[in-house]
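Report on the following structure.
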Amino acid sequence: MSAILAENPRAVAGNNNPPEPMTAFDAVEINIIDLYEEAKLWLEGEPVTTQDQADALNTLMSRIKDAAKAAEDQRTVEKKPHDDAIDEIQGRYNPLIAGFFSKNKTAGKATMAMDAAKKALAPYLIKLDRKQQEAARLAREEADRLQREAMEAMRARDAANLTQREDAERLAQEAKAAEQAASRAENTKAHAKGEGRATGLRTVYRAVMADRKAAAAWVWVDHNEELMIFIQELADRAVRAGMRKINGFDVIEEKVL
């Protein structure tokens, strides 16, 4: 029994069913694993010293390339039905929701509808926001004025004069009420309600370059490492395009496989 299992790893003890046929994936896997083991022996063995050894390695590299190509071709064949299914699904849904949940070059009808609704709503909310900010400013000025009057009345009151005490306390209460009203006005946000979640304005910021030299100096100091990576990528691209002299770089010639 053990001999049978050793010869056929797919055989199952106590089962007379024939072994499962080898799949295309099994074939490419076995081939690549065998080539990997052979390459590892070359790497762990003695250095190459003869032309025959070099030729043998070249043959091995060619077979590795062919094996990888066969695996890639088989992978493409196996995933094609899934890709076709995904493409069919995307093709049905893209006209409806493309660009709604992620950035996309095209926009589906739901995305365009949302953009149209936002463009129609934004001017009103911006106008309402300006009115609310002005109301909040005036409420804050009034609260500050009443606070000053209340403090002045408290300082100027005669402890023995009941009328002055009552007036000072009344002004203090009015100042407190005005402070609360100002806080409410400052916290009021322009929004539209209805079904679903309320929609309001968001504050966003974007950088507009005004001084190239100052901007470059900021990158040099605060993002130097990222800048160096970017500059190196530009230089590598230039060398691949054929440049052999670049200011600030030594273009080094190397022999590689």
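The values are calculated or read from the model by the stated rules, or taken from the named source; none is laboratory data. Remember, predicted model here, so these are calculated numbers, not experimental data. Here the Cβ positions follow ideal geometry from the backbone for every residue, glycine too, while neighbour counts run over all protein chains shown.
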Being out of contact with any helix residue (DSSP H, G or I) (no Cβ under 6 Å at 6 or more places or on another chain) and surrounded by 10 or more Cβ atoms within 10 Å (Cβ to Cβ) is the filter; apply it to region 235-250 and report the residue that is farthest from ILE126 (Cα to Cα). MET243
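Would you confirm, using the coordinates I've provided, whether VAL204 is more than 30 Å from ALA135 (Cβ to Cβ) and not small (Gly, Ala, Ser)? Spell out the reasoning first.
Working: more than 30 Å from ALA135 (Cβ to Cβ): no; not small (Gly, Ala, Ser): yes.
No.
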Can you tell me which condition GLU179 does not meet? The list is (1) over 30 Å from GLN132 (Cβ atoms); (2) surrounded by 11 or more Cβ atoms within 10 Å (Cβ to Cβ), and all the others hold. (1)
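Before we move on, is GLU166 part of a helix (DSSP H, G or I), over 30 Å from ALA117 (Cβ atoms), free of Cβ contacts under 8 Å to residues at least 12 places away in the same chain and more than 36 Å from the chain's Cα centre (by Cα)? So that I can check it myself, show each step before the final result.
Values: part of a helix (DSSP H, G or I): yes; over 30 Å from ALA117 (Cβ atoms): yes; free of Cβ contacts under 8 Å to residues at least 12 places away in the same chain: yes; more than 36 Å from the chain's Cα centre (by Cα): yes.
So GLU166 fits the description; yes.
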Would you check which residues across region 185-196 are out of contact with any Asp or Glu (no Cβ under 9 Å at 6 or more places or on another chain) and either surrounded by 13 or more Cβ atoms within 10 Å (Cβ to Cβ) or touching a residue at least 12 places away in the same chain (Cβ under 8 Å) (or both) and list them? ALA185, GLU186, THR188, HIS191, ALA192
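Pick from ALA107, ALA85, ALA98, ALA71: which is over 23 Å from the mean Cα position of the chain (by Cα), surrounded by 11 or more Cβ atoms within 10 Å (Cβ to Cβ) and either among the hydrophobic types (A, V, I, L, M, F, W, C) or over 30 Å from LEU35 (Cβ atoms) (or both)? Talk me through it step by step, then tell me what you get.
On the way: ALA107 fails: over 23 Å from the mean Cα position of the chain (by Cα); ALA85 fails: surrounded by 11 or more Cβ atoms within 10 Å (Cβ to Cβ); ALA98 fails: over 23 Å from the mean Cα position of the chain (by Cα).
One residue alone meets the criteria, ALA71.
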Does any residue in region 197-209 that is surrounded by 10 or more Cβ atoms within 10 Å (Cβ to Cβ) come within less than 8 Å, Cβ to Cβ, of a residue that is in a strand (DSSP E or B) six or more places away or on a different chain, and which pairs are these? THR199/HIS191; THR199/ALA192; GLY200/HIS191; GLY200/ALA192; LEU201/HIS191
If you take the residues in region 182-225 that are within 24 Å of the chain's Cα centre (by Cα) and either at pLDDT below 90 or not hydrophobic (A, V, I, L, M, F, W, C) (or both), which one is farthest from GLU142 (Cα to Cα)? GLU225
Of all residues being closer than 28 Å to ALA71 by Cα and not in a helix (DSSP H, G or I) in region 13-51, which is modelled with the lowest pLDDT? Just the residue, please. PRO18
